[in-house]
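**Q** Dumping the structure here so I can ask a few things about it.
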Amino acid sequence: MDVRTILPKRRVGLADVGRLTARLPAPVSDRVWGTVLQWRMKQGGWTLVPQDDLRRVYREAVRQLGGEVQAYAEFGIYAGDSLGIMADVLAEAGSSAPMFGFDSFRGLPDSVTDDEGGWQPGAFYCPEWVTRWNLSTNHGVGPDRITLIPGWFDESLTPGLAGELGIERISIAQLDADAYSSTVPVLDWLTPLLADRAVLIFDDWFAGGNTEEIGIGVQRAFEEWLERRPEFTAEAFATYGFGPGAGRKEVVGKAFIVSRTPA
């Protein structure tokens with residue numbers, strides 16, 4: 001495969017190599033790309049997460065809930081950095097709330113080619129073993145603290161999954177599914193599980209130059225969900241992003257308090 005025929009207008013970067021490697025059979029690609037990604041992480045500075053700013057938002061989310069967190073769920077975890085940060089924040093608050101991470105561990109699905117925002121299949125591919133290694137090595141979080149659930153969201157998020165995992169209510173959910181088509185099944189699955197007062201955090205809220213005037217991608221998925229679910233109201237309380245310390249200043253995510261109206 002000649003990558004020049006796929007990416008003719010720009011240089012091929014490390015992320016492109018991962019995306020293309022995801023097309024190989026899983027045992028081969030997981031070993032090859034996982035080894036490359038692990039090596040890059042060991043060099044330091046490799047993260048897709050604005051760690052300091054996200055930590056601030058996580059602390060505020062816990063504060064908004066009065067420290068009462070029943071469970072935390074994250075959809076689209078990549079290498080697990082945001083999971084590691086939340087584990088630390090919950091420990092600070094004295095909370096042992098169960099934590100769950102959902103990811104394909106194969107990058108974005110093929111369906112994103114028809115989606116808004118210019119997403120590409122295989123993007124953000126991180127093998128599960130690298131995620132577990134990163135959580136343990138760089139965040140001190142072992143497998144007994146966080147349950148990882150592999151699979152495409154439209155296939156893995158079944159009606160019976162919550163019961164299998166022992167989830168009764170989710171107080172905080174981070175949605176980093178990137179695309180509209182991946183966010184819709186997550187919101188639908190969360191609907192009966194959200195606590196009466198919960199926090200939803202959307203990464204990529206402003207991805208690809210998206211604005212609230214344009215309102216595509218995850219913004220559209222959330223707005224349509226609220227229209228279908230009039231029992232919920234949402235109030236934004238924070239945004240986060242990369243600051244000058246990361247060499248750029250870019251707001252990427254937005255957090256909401258979501259309240260369920262009593263029946």
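The values are calculated or read from the model by the stated rules, or taken from the named source; none is laboratory data. Please read all numbers here as calculations on a predicted model, not as lab measurements. Please note: Cβ atoms are built from the backbone with ideal geometry, for glycine as well, and neighbour counts cover all protein chains shown.
**Q** Would you call residue 89 farther than 17 Å from residue 242 by Cβ, in contact (Cβ under 8 Å) with a residue 40 or more places away in the chain and of a type in the set (Val, Ile, Thr)?
**A** When the stated conditions are applied, residue 89 does not pass them.
**Q** Given the residues 148, 187, 157, which is the only one that is under 22 Å from residue 42 (Cβ atoms) and either crowded, with 20+ Cβ neighbours inside 10 Å or within 18 Å of the chain's Cα centre (by Cα) (or both)?
**A** Selected residue: 148, the only one of 148, 187, 157 that is under 22 Å from residue 42 (Cβ atoms) and either crowded, with 20+ Cβ neighbours inside 10 Å or within 18 Å of the chain's Cα centre (by Cα) (or both).
**Q** Considering (1) surrounded by fewer than 19 Cβ atoms within 10 Å (Cβ to Cβ); (2) free of Cβ contacts under 8 Å to residues at least 40 places away in the same chain, say which one residue 38 fails and leave the rest.
**A** For residue 38, the failing item is (2).
**Q** Going residue by residue through the stretch 121-128, is there one that turns out to be part of a helix (DSSP H, G or I), in contact (Cβ under 8 Å) with a residue 60 or more places away in the chain and of a type in the set (Gly, Ala, Ser)?
**A** Looking for residues that are part of a helix (DSSP H, G or I), in contact (Cβ under 8 Å) with a residue 60 or more places away in the chain and of a type in the set (Gly, Ala, Ser), one finds none in the stretch 121-128, hence no.
**Q** Is it true that residue 219 is of a type in the set (S, T, N, Q), out of contact with any Pro (no Cβ under 9 Å at 6 or more places or on another chain) and over 28 Å from residue 96 (Cα atoms)?
**A** For residue 219, the condition - of a type in the set (S, T, N, Q), out of contact with any Pro (no Cβ under 9 Å at 6 or more places or on another chain) and over 28 Å from residue 96 (Cα atoms) - is met.
**Q** When you scan the stretch 169-182, do you find a residue that is closer than 16 Å to residue 74 by Cα, surrounded by fewer than 20 Cβ atoms within 10 Å (Cβ to Cβ) and touching a Leu at 6+ places or on another chain (Cβ under 7 Å), even just one?
**A** yes
**Q** From the list 97, 22, which one is surrounded by 15 or more Cβ atoms within 10 Å (Cβ to Cβ) and either out of contact with any Gly (no Cβ under 6 Å at 6 or more places or on another chain) or modelled with pLDDT of 80 or more (or both)? If you could, list the steps in order and put the result at the bottom.
**A** Values: 22 fails: either out of contact with any Gly (no Cβ under 6 Å at 6 or more places or on another chain) or modelled with pLDDT of 80 or more (or both).
Sole residue among the options that is surrounded by 15 or more Cβ atoms within 10 Å (Cβ to Cβ) and either out of contact with any Gly (no Cβ under 6 Å at 6 or more places or on another chain) or modelled with pLDDT of 80 or more (or both): 97.
**Q** Hey, among 229, 169, which residue is out of contact with any strand residue (DSSP E or B) (no Cβ under 7 Å at 6 or more places or on another chain) and at pLDDT 95 or above?
**A** Result: 229 is the single residue among 229, 169 that is out of contact with any strand residue (DSSP E or B) (no Cβ under 7 Å at 6 or more places or on another chain) and at pLDDT 95 or above.
**Q** Answer yes or no: is there a residue in the stretch 237-247 that is modelled with pLDDT of 95 or more, not β-branched (Val, Ile, Thr) and not in a helix (DSSP H, G or I).
**A** yes
**Q** Here's a follow-up. Just one of the numbered conditions (1) modelled with pLDDT under 80; (2) more than 19 Å from the chain's Cα centre (by Cα) is not true of residue 32; which one?
**A** Looking at each condition in turn, residue 32 falls short on (1).
**Q** Do we find a residue being in contact with a Lys or Arg (Cβ under 8 Å, 6 or more places away or on another chain), acidic (Asp, Glu) and over 18 Å from residue 52 (Cβ atoms) anywhere in the stretch 110-117?
**A** yes
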